[in-house]
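The values are calculated or read from the model by the stated rules, or taken from the named source; none is laboratory data. Here the structure is a predicted model, which is why all the values come from computation and not from measurement. Backbone-built Cβ (ideal geometry, glycine too); neighbour counts: all protein chains shown.
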Amino acid sequence: MGRFVVKTGRENLARLSRLRIKNLKETAEGLEFYTDRKGVEQIKDFPETTYYDRHKQLRALFLRKHLVAVIGCLLMALALINLNIGVAAVRFTDEDTYDAAVLAHMERYYRRVGPFKYLNASLSEINYDLRSAFYHYEWIGVRKHGAVLYLDIKKIVNQPPESETTPGSLYAKTEGIVKEYHVVKGTVVIQEEQYVAAGDLLISGEVSHYNNETEFVRATGYVLAESLRYHDFKIAKRSTELIRTGRLEIVKAYVLFGRQINKTPSKFENYIVEEGKTVGGRVFQIKTFYRYELKEVSTVYDEDDAVSYSKSLVYKDFRAEKTVPKEKIIFIKLVRIEEDEDYYYVRLIAKSYQNIACFVPIEG
């Protein structure tokens, strides 16, 4: 009751006793009161009577005062709806798995409406088709987060070995004393405890048969030798690096039509930024950024530190070149260490048990 405001003449006062009214008051123009829709139906034929709907008037007043805000809310709602059903970008979860053919294949699943595009099939249907079309991947799939499609691709790491037919021989890549060898294919031209120099032939790809015919094959196998090698290093006495302090800021950036509309100041003096998730469409986006505080840390090395660091580099390089499980470092010893104002100059000698065989194709 009281939705409608009624204004009428004083001569209609006697008729009001049969109506449901409230807040009856006298004004300069006559009488004014509130009533419901049923009351309006009963008095609309009274002389000198007018009425209006208070709710409609309040809505109109609200819209006039807050028109810009209402339009903004509507745009925001449309952007959020578009966020859930539209596709603003396609990204590979791992950039190293980028495949233009996959992107081209995905085009068949887009339905474009103006500047926007939407999926015309379910994610399960798209995933089934992708796995059928790109069967050479160990895994391929697509998932949707907001308005972004993410392509998850896992390549087959251990590809089946290819038949290598290029003929050639195995030569020594460094000097050493042969301790053990294993030949899969080829002719052995060395023996155990034999000293070989860098560049010496170890296993030949030239194979002679009983009918005096010669065949050139790809020599395969390994030759383990005991070798001594010098390693020289230049180690700075002081190093300065930027490290993360562990403090983090999470920042939300609001982007409207490609332009950021909010400010995101930082309390960190020095930091790095990593981009997180982005949600939204072409019109409106919410981007998440992570700021990691950095500080400068200086480290001063003494002679023992320089030697230890140099030895670690020798081990690192040896592991990177290792091809046979039996390979190992027997010892690493310091030969000398010198220094100037800024650097240590370290010479080490390493005795190792390593595969010295290196394949060289036969020319011509």
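Observations on the model:
- Screening the range 267-321 for residues that are at pLDDT below 90 and of a type in the set (Gly, Ala, Ser) and picking the one that is surrounded by the most Cβ atoms within 10 Å (Cβ to Cβ) gives 281.
- Residue check for residue 212: over 30 Å from residue 323 (Cα atoms), out of contact with any strand residue (DSSP E or B) (no Cβ under 7 Å at 6 or more places or on another chain) and not small (Gly, Ala, Ser): yes
- Restricted to strands (runs of 3 or more DSSP E) entirely inside the range 189-282, those with at least 3 residues that are over 25 Å from residue 361 (Cα atoms) and touching a residue at least 24 places away in the same chain (Cβ under 8 Å) are 220-236, 238-256, 271-280.
- Within the range 166-186, one or more residues are among the charged types (D, E, K, R), within 10 Å of residue 356 (Cα to Cα) and assigned to a loop (DSSP other than H, G, I, E, B).
- Pairs, first touching a residue at least 60 places away in the same chain (Cβ under 8 Å) in the range 291-305, second not in a strand (DSSP E or B), C-beta under 6 Å, six or more apart: 301/237
- Only strands (runs of 3 or more DSSP E) whose full extent lies in the range 35-124 are considered here, and none of them has at least 3 residues that are in contact with a Lys or Arg (Cβ under 7 Å, 6 or more places away or on another chain) and modelled with pLDDT of 80 or more.
- Hey, residue 324 in contact (Cβ under 8 Å) with a residue 40 or more places away in the chain, closer than 30 Å to residue 220 by Cα and out of contact with any Phe, Trp or Tyr (no Cβ under 7 Å at 6 or more places or on another chain) or not: no
- Residue count for the range 352-364, restricted to those that are surrounded by 14 or more Cβ atoms within 10 Å (Cβ to Cβ) and either of a type outside the set (A, V, I, L, M, F, W, C) or within 43 Å of the chain's Cα centre (by Cα) (or both): 9
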